[in-house]
Amino acid sequence: MKTALITGITGQDGSYLAEHLLALGYEVHGLVRRVALEDPERRFARIAHLLDRLHLHPASLESYPSVFRVVSRHEFDECYHLAAQSFVAESFSDGFSTMNTNINGTHYMLAAFNELQPRCRFYFAGSSEMFGKVRETPQRETTPFYPRSPYGISKVAGFELTRNYREAYGMFCASGILFNHESPRRGFEFVTRKITSTIARIKTGLATELRLGTLDARRDWGHAKDYVRAMHLMLQHEQADDFVVASGEAHTVRELCELAFAEVDLDYREYVKLDERLQRPAEVELLVGDAAKARRVLGWESHYTFTEIVREMVEADLEAVHPTSAKAAPALSPRLTLARASD
Ligand code: G4F
């Protein structure tokens, strides 16, 4: 049985990855903030159904000693470093904390593993935001980076740190350059979920409009479930390497709105309002990836189409606003495996 550590296990990707690894027979551990342990109903919503099979350890990516402590007390075969401040707009409001968490947090993880468990395989969650003002289209592993936000800059730094630990210390360090990936577990601040959750509220009379910053930006949207499989495949490959993970299709925010509103027989033009306060100081106009290397080398492929992703999200948000079935909310398991208080 392999043992994996996931940072960011309470997030969209972390929760899907934990499910995937458990299904493969892994023992799965997660780093979580101490405040999350004290507020499990809310903070562990995405992993509530997994809690009795997970080992959770309190640590902060802002504290090297806390990371060091966890890595010194448990042995891991694989580490998936997903935790980050990942909302691009927020990184413009507070670039300092984004840089601090994303760069130092990655550095602490790499340094702790290099010191204590250099044979553990390490995955870094890179991002298509590193391409920013794109130098070629579609973007692939060899496309130069030109980040356009503190978030993008922090991810370039994390990517370079990860590569440097691979080259300098011979660690198995791989980075996924993941394009946008969504699901019903997506945070409400991201544009897909903002759209689908607001549609559900409009449809049920709880909202009358949807305010967005731009309709023209183009993104390559895939499904998070497909993308976590790619993360796992990267750590099973014989050589540590970096891979683009993308659908290869670009859609505008306008197309996303059109499709999502049409799912509930509404015309987006009647509800969407442009609000310049939601515009970013520097926008990334177009991202579309070429995942040929991941398909060829890892045998990865995506299963969900853009239409299926949007439909699943709209349906899930409608269900959340107006449940059609009397499904009981999953109770938190009393067998939750928590690390000792001193951990
Ligand atoms: O959904 P978004 O906030 O995602 P964004 O900025 O592309 O970043 C996401 O994908 C990256 C991978 O490429 C990740 F690294 C990152 O962590 C995150 O997961 O915005 C998508 C687009 C942008 O062009 C944004 O300006 O939608 C545009 N948009 C227009 N109005 C809006 C809004 N985005 C948000 N969040 N809210 C709006 O009101």
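The values are calculated or read from the model by the stated rules, or taken from the named source; none is laboratory data. None of these values were measured; they are calculated from a predicted model. Don't worry about glycine lacking a Cβ; one is built from the backbone with ideal geometry, like all the others, and counts go over all protein chains shown.
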## Note on the structure
Subset of the range 11-44, residues surrounded by fewer than 24 Cβ atoms within 10 Å (Cβ to Cβ) and in contact with a Gly (Cβ under 9 Å, 6 or more places away or on another chain), comes to GLY11
### Message
From the list ILE195, ILE202, exactly one residue is touching a residue at least 60 places away in the same chain (Cβ under 8 Å) and either away from the ligand (no atom under 13 Å from the Cβ) or in a loop (DSSP other than H, G, I, E, B) (or both). Which is it?
### Response
ILE202
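Can you give me the number of residues within the range 164-192 that are within 15 Å of the ligand (Cβ to nearest atom) and not in a helix (DSSP H, G or I)?
Taking the range 164-192 as the starting set, the residues that turn out to be within 15 Å of the ligand (Cβ to nearest atom) are 175-192.
Then drop every residue that is not not in a helix (DSSP H, G or I), which leaves 175-190.
Qualifying residue count for the region: 16.
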### Task
Kindly establish whether SER93 is touching a Leu at 6+ places or on another chain (Cβ under 6 Å), among the polar types (S, T, N, Q) and over 23 Å from ALA224 (Cα atoms).
no
#### Entry: Single residue of GLU258, GLU283, GLU276, GLU249 found to be free of Cβ contacts under 8 Å to residues at least 24 places away in the same chain, among the charged types (D, E, K, R) and under 30 Å from GLU90 (Cα atoms)
GLU258
### Query
Checking SER91 against (1) in contact with a Ser or Thr (Cβ under 6 Å, 6 or more places away or on another chain); (2) free of Cβ contacts under 8 Å to residues at least 12 places away in the same chain, which test does it fail?
(2)
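Which one of LEU82, LEU56, LEU110, LEU51 is at pLDDT 95 or above and closer than 19 Å to ASN164 by Cβ?
Unique residue meeting the criteria: LEU110.
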## Note on the structure
Only unsatisfied item for GLY25, checking (1) in a loop (DSSP other than H, G, I, E, B); (2) farther than 21 Å from MET234 by Cα, is (2)
